[in-house]
Amino acid sequence: MLPQFPEFKDLDLSDQATFNDFLSKFPLEASEYTFTNLFAFSMAYNFRFSMLHNNLIILKDTAPVSMFCPVGHSGISNTLDETFGYLKKRTELPYLERVPESFVRAYLRDDENYIAEEDRDNFDYVYNVKDLIALKGKKFHDKKNKVNKFKSAYQYEYLTLTPGLIGECLAYEDYWCEVRDCEKEPGLEKEQCAVYRMLINFGPLGIKGGLIRINGKVAALTIGEKFLGDTMIIHVEKANSDIHGLYQVINQEFLMHEASDCEFVNREQDLGNPGLRRAKMSYNPARFVKKYKIRQIANR
């Protein structure tokens with residue numbers, strides 16, 4: 001059982017059923033609102049949880065302290081008032097973050113107490129799965145060429161991730177981070193912690209994964225999960241960047257083997273990184289999942 005607001009608790013695997021039940025009843029289209037995402041990053045961002053007016057409250061308890069939007073449909077106006085009252089005691093600039101457009105439209109469109117600011121760096125990129133598997137037409141010409149050149153240059157095998165392969169994947173994550181000096185970049189260090197948590201808890205989380213071996217060694221890794229019935233979220237995608245075309249091939253192979261029954265793939269956000277933005281845009285997104293920061297107007 002989750003505590004009543006303003007008491008909070010840390011998230012652990014025993015909360016999975018409770019969270020998944022909530023998120024299935026009150027689905028939100030942003031990639032942050034999955035148990036896997038929250039659990040994986042809970043050590044990095046100290047996510048904590050509570051209940052308020054039968055809504056799930058998600059607190060990011062690291063500086064700057066913030067919250068996600070309430071998950072639920074009960075007494076949202078009062079819930080927002082009370083959550084901002086709490087945040088005002090914890091931080092000088094209280095706000096809700098990663099708030100999807102559907103929540104803004106449903107509860108804040110005509111509410112003069114709040115300002116909703118687009119958070120472009122955290123928009124999710126959503127693509128058609130069939131497009132990213134087939135890579136047909138001029139708009140995917142460059143991707144198709146890279147895939148073909150890779151396949152003509154390398155003998156490789158794609159494997160669906162199973163518990164017996166977790167050890168190899170953990171070793172690959174260590175290698176990937178050593179090459180990129182993850183310890184020197186806070187964002188990559190937090191991501192490494194999240195990848196460890198996903199891999200170590202792969203079975204209980206019920207997620208999917210795939211890897212590519214070249215010459216018997218892991219050279220690329222992807223982890224994802226089904227979302228909203230018709231979408232695959234890609235939580236992790238890593239490949240040896242010195243092997244040209246490998247990123248394109250692991251993306252194609254994973255979708256072909258693990259997501260062929262999905263209509264869409266959500267490849268999450270670019271975090272404002274120019275290189276990552278160019279890469280995500282080059283795959284021709286079908287749409288974005290817009291997200292917002294919500295601030296309460298002063299003196300309200």
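For the chain, relative contact order (Cα pairs under 8 Å, six or more residues apart, normalised by length) works out to 25 percent.
In summary, the lysines within cross-link reach of residue 146, defined as a Cα separation below 20 angstrom excluding same-chain residues under 8 places away, comprise 130, 136, 138, 238, 280. The chymotrypsin sites (Phe, Trp or Tyr not before Pro) of the stretch 122-171 that meet both conditions, a loop assignment by DSSP and at most 16 other Cβ atoms within 10 Å of the site Cβ, are 154. For the chain, the longest principal axis of the C-alpha atoms and the axis of helix 141-153 are separated by about 50°. In the chain, the alpha-carbon atoms span a convex hull of 132 Å³ per residue. Take the Cβ atoms of residue 276 and residue 170, set R0 to 25 Å, and the FRET efficiency comes out at 0.55. Of 258, 168, 268, the residue with the greatest mean-square motion in the GNM of the chain, using alpha carbon springs below 10 Å, is 168.
The HN-Hα couplings worked out from phi for the stretch 53-59 by the Karplus form 6.51 cos²θ - 1.76 cosθ + 1.60 (θ = phi - 60°) are 6, 6, 10, 7, 10, 10, 9 Hz, whole numbers, x standing for Gly and Pro. In loop segments of the stretch 111-165 as defined by DSSP, the GluC sites (Glu not before Pro) with at most 11 further C-beta atoms inside 10 Å of their C-beta are 112.
Across the options 200, 165, 150, the greatest Cα extent toward the positive end of the charge dipole of the stretch 127-210 (unit charges at beta carbon of Lys, Arg, Asp, Glu) belongs to 150. Roughly how large, in nm² to one decimal, is the mean projection of the convex hull of the alpha-carbon atoms in the stretch 124-268? Reported value for the Cα convex hull: 8.8 nm².
Candidate cross-link partners of residue 143 among the aspartates and glutamates, defined by an alpha-carbon separation under 18 Å and a same-chain spacing of 8 or more, comprise 131, 237, 242, 253. For the residue pairs 139/184; 25/291; 60/184; 151/190, alpha carbon separations beyond 31 Å are given by 139/184; 151/190.
What share of the DSSP beta bridges in the stretch 124-268 is antiparallel, in percent to the nearest 5? Among the beta bridges of the stretch 124-268, antiparallel pairing accounts for roughly 90 percent. When 291, 146, 9 are arranged by Cβ crowding within 10 Å, least crowded first, meaning fewest neighbours, the order is 9, 146, 291.
Taking the fewest neighbouring Cβ atoms within 10 Å as the starting point, the ordered list for 295, 287 is 287, 295. Taking amide H as placed 1.01 Å from N in the peptide plane, the amide H of residue 268 sits under 5 Å from that of 125, 234, each at least 5 places away or on another chain.
Each value in this text was obtained by applying a stated rule to the coordinates, not by laboratory testing. Bear in mind the structure is a predicted one, so any value in this text is a computation, not a measurement. Don't worry about glycine lacking a Cβ; one is built from the backbone with ideal geometry, like all the others, and counts go over all protein chains shown.
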